[in-house]
Amino acid sequence: MKKEDEGIQAVRDVRKKISAEFGNDPEKLVEHYMLEQERYRDRMLQPVAAHQCSARRFASPLIAATLERVGRLLLNRRDKAASALRTSSG
């Protein structure tokens with residue numbers, strides 16, 4: 001196995017372990033990652049605005065609309081997770 005492959009496999013192994021900790025439940029997993037994102041907000045890179053994303057210029061209208069819906073869903077979940085975190089730590 002190449003050195004790069006070993007690094008990728010290590011990341012995959014950790015992701016599988018984290019997923020298993022939440023019973024491989026996508027909703028619980030997303031909630032966990034949203035809470036972690038809020039917890040480490042000061043370390044996070046700022047997202048590129050959708051209109052600045054070069055990939056979007058080449059995407060079909062259906063893909064672009066889907067990406068926007070997914071983005072709104074993730075932002076909504078992030079906000080709910082942040083609110084829950086503030087409530088529990090307050």
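Read the figures in this text as sums done on the coordinates, not as results from a lab. Since we're looking at a predicted model, the values are computed, not measured. Cβ atoms come from the backbone with ideal geometry, glycine included; neighbour counts cover every protein chain shown.
If each residue of separation counts as 0.36 nm, what is the full-extension length gain between Arg72 and Phe22 once their alpha-carbon separation is subtracted?
Gain in length upon complete extension: 15.6 nm.
Excluding residues on the same chain fewer than 8 positions from Lys17, give the aspartates and glutamates whose Cα lies under 14 Å from its Cα.
Excluding near neighbours in sequence, the set is Asp25.
Work through the residues other than Ser19 whose Cβ is under 10 Å from its Cβ and net out their charges, Lys, Arg +1 and Asp, Glu -1.
Taking every other residue near Ser19 into account, the sum is +2.
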